[in-house]
Structure formats: C-alpha cells, structure tokens
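What follows is one structure encoded as structure tokens, with my remarks underneath.
Derivation of every value follows stated rules applied to the coordinates shown; laboratory data play no part. Being a predicted model, the structure only gives us computed values, none of them experimental. FYI the Cβ positions are ideal-geometry reconstructions off the backbone, even for glycines, and counts take in every protein chain you see.
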Ligand SMILES: Cc1cc2nc3c(=O)[nH]c(=O)nc-3n(C[C@H](O)[C@H](O)[C@H](O)COP(=O)(O)OP(=O)(O)OC[C@H]3O[C@@H](n4cnc5c(N)ncnc54)[C@H](O)[C@@H]3O)c2cc1C
C-alpha cells in the first residue's frame, strides 16, 4: 500500500467513539507506519454516544488482534463476563428463555440435538431445551469460567463482555495512540469534495484548520457527516419491520449477585435491557414512540430496575436501518455513521469490527478500486440484512397482545426471513444464507424458547430408538449441570482475576 506519487496512504478517521478508536487501533496494528499515516479527529464538546455496553464473542478476536490481555481489559472497563442473553416475557407474558453463546451439543447420528428434543417433547414432559446449553447451565447459576478452563462438551461455549462504553473508548484510545495514531481535537465544519473527482479532499475544522487525506473513514455517529451528508448516500429505513425508534437509558446501583448475562425483558411497547457491570447496572428501555409516550416509557424503565437510579434517564432517538452504500468514493462509514439496528442482540460493535477488517480486505492499494468498493458494499449490506432478520424473528412470532406486538405479529416479513420461518415451521431446520452472524442454534434458541415449535421434525431421528435416545440426552444434561456446579461464582471469579479499581 502507498499513496499518490509513492507517498504513504493518509487515513483520516472522523470521530472518536468506539467506531473511531476501534478503526484507528486496528489499522495502526496491521498497517506499518511506512505504508499508512492515521489521523483521528474528534470533538470533546460533541462527545460520544456513550451507550453500548454489551458485546458478542467475536470481540475476543478483536482483542487478540490488538494484543489485549483479558484481565487488564475487564478491570479497566469495569467489565463483566457475558454468556448470552436471558429473554423474559417475549413469546408471551411468563415466557422465559436464553440465547447462549454455544450450541445444544454435538450432532447425534448426523442430526443436531434440537431435532431429538423436538421428538421427545412430543412424547411427554421434558426439561427446557436450554438445559442442553452449557452457557445456560452456568448462567442460571451465576457461575463463570472461561471455556479453556473446562473440558469436553463443557468447554463448548464462548463468552463476551459487558463494559462501560466510555471506559472502553478511552481504553482503545490508549492502544491506538501508543501505535502512532495522531489525534486532532476539533469540530468538523465540513468534509470538502474535489470538484473534478467528487472525492473528499480534506476536512475543514472550525477555526479554519484543514486535515487532508486519501481515505476518509466516517465514524461521526448518527450525524454521518461524510457518508450521509457530504456524499449524500441515502438511508434504508427499516422501521416498517422494526418499529422501536427511541431508547431511555439509566444506570442504577449494583444489587444482588453479578449475573454473567444480559437480561432483555419485553414491555408493552418495546423491551428493557439490564447489563451488569462490576460497580453498577446499565438499564435501558427501547420502545416504539408510536405506541408509548416518553414519560410513560421512562416510568416503565424505572419500575423495572433493581438498585437505585444513579442519574436522570437519558433519551435517545434513532431510525433503524443502514446506508444504501457503506463505501462511496474515498469515504467509508463505520459504526452509527453506517447504520443502526436496535441493540437486542448487541451487534453494533460486531459490525464495527467486521467493517474494519473488511476495509483491509478490500483496500490493497492506496486508491479505492470501484470493484472492490462494490464488493465491500455487497457483503456489508448482507451482513446488516441477516442481523435485521434475526432481530425481527424475536418479535414476529410473539403472542403478546398489546398494539405493538399485534402489529409485528401480522406484518409482511422480508422474503429472506419469511423463507427461513417457513422451512422451520415445516421441518424444524433453519436454512442459512451467506454472511450469517447467527447460526442454527441461535435461531433455535429464540424460536423454541418462545414456544414457536415446528409442525414436524426430521424423520431420520427415528434411526435411534427412543429408549436409547433418552439416556443419551439425559446424560448430557446432567453432565452440563454438574460441570456448571464446579465453576466459580461469576463475582468471585472477577474479584480474583480482574477486579476494577473502583470495585476494590
Ligand atoms: C440505545 C442504544 C444502545 C446500544 N447498546 C449497544 C450494545 O449493547 N452493544 C453494542 O455493541 N452497541 C450498542 N449500541 C451501539 C453503540 O453505542 C455504537 O455502535 C458504538 O458506540 C459506536 O458508536 P460510534 O462510534 O459510531 O458513534 P459515537 O459514539 O456517537 O461517536 C461519534 C464521534 O464522532 C464525533 N463527531 C461527531 N460530529 C463531529 C463533528 N462535527 N466534529 C468532530 N467530531 C464529531 C463525536 O465527538 C464522537 O467522537 C447502542 C446504541 C444505542 C443508541
């Protein structure tokens, strides 16, 4: 890689939230200083969005790439460990299930175990499918140990983190600045385009300073100053499928044991998150403003928190969806500047991570190549659409009867999702497409968990007689429960390995 006339490529990153600092840290880690210079412009006056406290296991690869030492990272970000998401009241009031970061065990005679569970539950009472999931076996007991400390099937899970979003951005900033990323403090007034080429030539800051570059990465959050405003790339609005458009967020004092999972509780016009950190709990109510007022939404939020509120609730507005293109000319949007899907499955930081790595895949030379930009756009759009479908699947089969829930239960679905659900209904399998973030066990967790059972299952399961199958299934369930009992309690594990300074 090299810039015009053999110079190094000048990357300019606009914005210093998680998107900006992840991008800066990854580019600096991978590209040698002889190939690239990296400048990040941010404005302390504007600040960052500061929510985004739950992640998915893919973040482990990002941390490994950046040379992050897990105990140091968890301590510095007031972090805790996450084994999945507990869903409360989603299928209907009283419904309870868990989307864990793992599967339901090895295939039996070539078929996934949920197929056997479907058959056995037809014959009579059986434990919930979640009891065949190692993450749930540990999470329901508030226990945690990393998979490498476990053996055999008890090691078949992954983990992610909860953390303080502001501490996370600061942590990444330290890593990036130690790798020669130059930070410029200033408010961007305009991204200026070259009249002939249409490419962005420089950022003009308030006060007249200008920052020139070859490739501009837009990490300016919902403002989308470069991709949305300067390059005029339209927004694909998905609110017809995802009606939630607001969130109210409030921290509360820590109470009770530290749960190693996020909790998501369905509400009359949306859902509420609970994210445990070492010294406090993050809470938020994501809701559809067509069905509830802000005041009512805040009141619902406050009745649903444990511990005392530590601040005034903060309101955030958003439109679900993403840009029609993510890479236009020499501008690439990452993070909220590129798109936003409600945080039900904590996928925003994942999309930042995959976006940055994809930039490296498709930018082998200094000058963006239109064919490579088109491929970047194709893959990124698919990734967003797959996650969108997975989030809609949490809503569209619910039997709750408030107006929001009745609307989402009867709406037309995206074709991709309608096909998936039709196949599930018919035979209990989930067809997977390219660039899926969520594999079959994730879909099964949500559908079976909500009580959305298929009409039939795979007839090949009859190859194993029921009297042989039951003991095999029961043995695994008990093995997982016993393995989980041997794990340390989550709060004990943290206090021994990665206590935050403020928790001491
Ligand atoms: C309610 C809610 C809950 C969420 N929960 C989760 C979650 O649990 N998990 C998850 O992964 N994600 C979550 N997210 C998403 C997550 O917050 C973001 O994806 C992530 O923080 C990245 O944000 P960002 O860096 O794109 O934008 P921001 O944090 O908004 O950063 C934008 C940056 O651009 C700068 N900037 C903007 N305009 C200018 C200007 N004119 N001049 C100079 N600088 C400028 C700002 O100063 C800031 O540095 C949530 C989001 C919302 C709204």
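Sort 259-265, 10-16, 139-145, 375-381 for me by packing, meaning the mean count of neighbouring Cβ atoms within 10 Å per residue, highest on top.
Going by the mean number of other Cβ atoms within 10 Å, highest first, we get 10-16, 259-265, 139-145, 375-381.
Would you kindly compute the Cα radius of gyration of region 212-362 and its largest Cα-Cα separation (Dmax), both in Å?
Rg and Dmax of region 212-362, Cα atoms, are 17.5, 52 Å.
Expressed as an acute angle from 0 to 90° and rounded to the nearest 10, what is the orientation of the C-alpha long axis of helix 415-427 relative to the principal long axis of the chain?
20 degrees
For region 233-305, what size does the Cα cloud have along each of its three principal axes, sorted from largest down, in whole Å?
43, 29, 18
Of the beta bridges DSSP finds with both residues in the chain, what % are antiparallel, to the nearest 5?
70 percent
Across the Cα atoms of region 266-338, what radius of gyration and what greatest pairwise Cα-Cα distance (Dmax) are found, in Å?
Spelled out, the Cα radius of gyration and Dmax of region 266-338 are 16.2, 49 Å.
At each listed q (0.14, 0.22, 0.34 Å⁻¹), what is the log10 of I(q)/I(0) that the Debye formula gives for region 160-204 modelled as equal alpha-carbon point scatterers?
-0.59, -0.84, -1.09
In square nanometres, what is the average projected area of the Cα convex hull of region 29-184?
13.9 nm²
Round to the nearest 10 and give me the degree value, 0 to 90, for the angle of helix 113-123's Cα axis relative to the longest principal axis of the chain.
40 degrees
I'd like the distance separating the alpha-carbon centroids of region 230-273 and region 435-504, in whole Å.
Region 230-273 and region 435-504 have Cα centres separated by 25 Å.
How high is the relative contact order of the chain, given as a whole-number percent (alpha carbon pairs under 8 Å, six or more residues apart)? Numbers along the way, then the final one.
On the way: 1014 pairs, mean separation 114.6, N = 504.
Relative contact order of the chain: 23 percent.
Pairwise over distinct Cα atoms, reciprocal of the mean inverse distance: report the Kirkwood radius of region 321-458 in Å, one decimal place.
16.5 Å
Send over the Kirkwood Rh of region 380-498, from the inverse of the averaged 1/r over different Cα pairs, rounded to one decimal Å.
About 17.5 Å for region 380-498.
Two decimals is fine: what is log10 I(q)/I(0) at q = 0.07 Å⁻¹ for the chain, from a Debye sum with one equal scatterer on every Cα and no solvent?
-0.40
In square nanometres and to one decimal, what's the mean projected area of the convex hull around the Cα atoms of region 146-223?
The directionally averaged projection comes out at 9.3 nm².
Quick one: angle between helix 348-361 and the longest Cα principal axis of the chain, in degrees between 0 and 90, rounded to 10, please.
60 degrees
Out of all Cα-Cα pairs in region 1-97, roughly what percent, to the nearest whole number, are more than 18 Å apart?
So the pairs more than 18 Å apart make up 64 percent of the total in region 1-97.
Roughly how compact is region 379-420, stated as its Cα Rg over 2.2 N^0.38 Å to two decimals?
Normalised Cα radius of gyration, region 379-420: 1.25.
If one computes P(r) from the Cα atoms of region 156-274, what percent of pairs lie at distances over 17 Å?
Counting pairs separated by more than 17 Å, the tail of P(r) holds 75 percent.
Using Cα pairs under 8 angstrom and six or more residues apart, how large is the relative contact order of region 393-504, in percent?
Across region 393-504, relative contact order equals 19 percent.
Could you give the semi-axes, largest first, of the ellipsoid that matches region 91-170, computed as the square roots of 5 times the alpha carbon gyration tensor eigenvalues and rounded to whole Å?
Ellipsoid semi-axes (Å, largest first): 29, 18, 11.
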